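Undergrad: To start, I am sharing the structure in question, which I have written as structure tokens.
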Amino acid sequence: ALAELALRLADPVARVEREAHHLDRDSGRGGGAIVVVEPVVVLDVKDEWSTLGRPREGVTLGPLPYRRTAWQLMQAPHVLDSPHLRLAVVPDEADDPASAASAFRLLAWTLRERGKQKPPRGPILLVLDEIQFWAKPSKLPNGSTSTRDLLESVTNVWADYGVAMVLMSQRPAGIPIDARASISHLVSFLQSEPADVDAIRDRTPGRAIG
């Protein structure tokens, strides 16, 4: 079952005044319609969101027309200023949690640096896919920031950089609690694991879930 936790930060989203396109995407694990707003950047850890992605049985590629590694994007950040950008950002190795985490860290740095530029750049919709796959708890030396900690922090500050976010995970409990606490819209399909049901219940007080 696929759960989509949408963190829609009002200010940058309000400034995205472009037509939304309803497109169907079926990854073989469940699918449906998702609204694509331009410009949009997707952290595509399984390399399946673009038409240039990794073909394999049971996966329909697309709908995004552009694909870059996080490193390539960091070297050419002007790509983000294209008003009609629809870009999949992929790790160096698909289906590898460490590589996906590294791609997120590079993407986070690139977006932060872009957000500091003057005059301010236009807003971007950022989709972070399969969070439960790459934002796992980890023990690091004192003073180091884990990928999970970085995700928790950016969900609270990226609106200042003109970034609206959609957080996607098959396991709601796999999204860090501080990130879940910041969401404004929540969409979930069937959940059966108690931890996932509790994660949704915590965000919907007073509503019957079960």
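Undergrad: Cβ-Cβ below 7 Å, separation at least six or inter-chain, first residue in the stretch 173-194 and open to solvent by less than 40 Å² (accessible area, probe 1.4 Å), second in a loop (DSSP other than H, G, I, E, B) and modelled with pLDDT under 80: which pairs?
TA: That search, which allows pairs on different chains as well, returns Q191/A1.
Undergrad: With the condition being at pLDDT below 50 and within 18 Å of the chain's Cα centre (by Cα), I'd like the strands (runs of 3 or more DSSP E) fully within the stretch 1-90 carrying at least 2 qualifying residues.
TA: The qualifying strands (runs of 3 or more DSSP E) are 3-7, 21-26, 31-36.
Undergrad: Residue under question is V90, and the condition is that it be within 26 Å of L186 (Cβ to Cβ) and either touching a His at 6+ places or on another chain (Cβ under 6 Å) or not acidic (D, E) (or both); does it hold?
TA: no
Undergrad: Also, quick follow-up: What tally of residues in the stretch 126-167 results from selecting those that are modelled with pLDDT of 85 or more, in contact with a helix residue (DSSP H, G or I) (Cβ under 7 Å, 6 or more places away or on another chain) and assigned to a loop (DSSP other than H, G, I, E, B)?
TA: 1
Undergrad: List pairs: first residue in the stretch 74-99 and over 13 Å from E113 (Cα atoms) and without any contact (Cβ under 8 Å) to a residue 60 or more places away in the chain, second residue surrounded by fewer than 16 Cβ atoms within 10 Å (Cβ to Cβ) and basic (K, R) anywhere in the structure, Cβ distance under 6 angstrom, at least six positions apart or on different chains.
TA: A94/R54
Undergrad: Please work out which residue is least open to solvent (accessible area, probe 1.4 Å), limiting yourself to the stretch 195-210 and to residues that are modelled with pLDDT of 80 or more and in contact with a strand residue (DSSP E or B) (Cβ under 8 Å, 6 or more places away or on another chain).
TA: D196
Undergrad: Can you name the condition, by its number, that E93 falls short on among (1) of a type in the set (D, E, K, R); (2) modelled with pLDDT of 90 or more; (3) out of contact with any helix residue (DSSP H, G or I) (no Cβ under 6 Å at 6 or more places or on another chain)?
TA: Evaluating E93 over (1) of a type in the set (D, E, K, R); (2) modelled with pLDDT of 90 or more; (3) out of contact with any helix residue (DSSP H, G or I) (no Cβ under 6 Å at 6 or more places or on another chain) leaves (3) as the failure.
Undergrad: Across the stretch 91-105, which residue is nearest to S146 (Cα to Cα) among those that are open to solvent by less than 40 Å² (accessible area, probe 1.4 Å) and either polar (S, T, N, Q) or in a helix (DSSP H, G or I) (or both)?
TA: Across the stretch 91-105, the extreme among qualifying residues is A101.
The values are calculated or read from the model by the stated rules, or taken from the named source; none is laboratory data. Owing to the predicted nature of the structure, the values given are computational and were not obtained by experimental measurement. Don't worry about glycine lacking a Cβ; one is built from the backbone with ideal geometry, like all the others, and counts go over all protein chains shown. All accessible areas refer to the heavy atoms of the entire protein, side chains included, with ligands and DNA or RNA removed. Shrake-Rupley method; radii C 1.70, N 1.55, O 1.52, S 1.80 Å.
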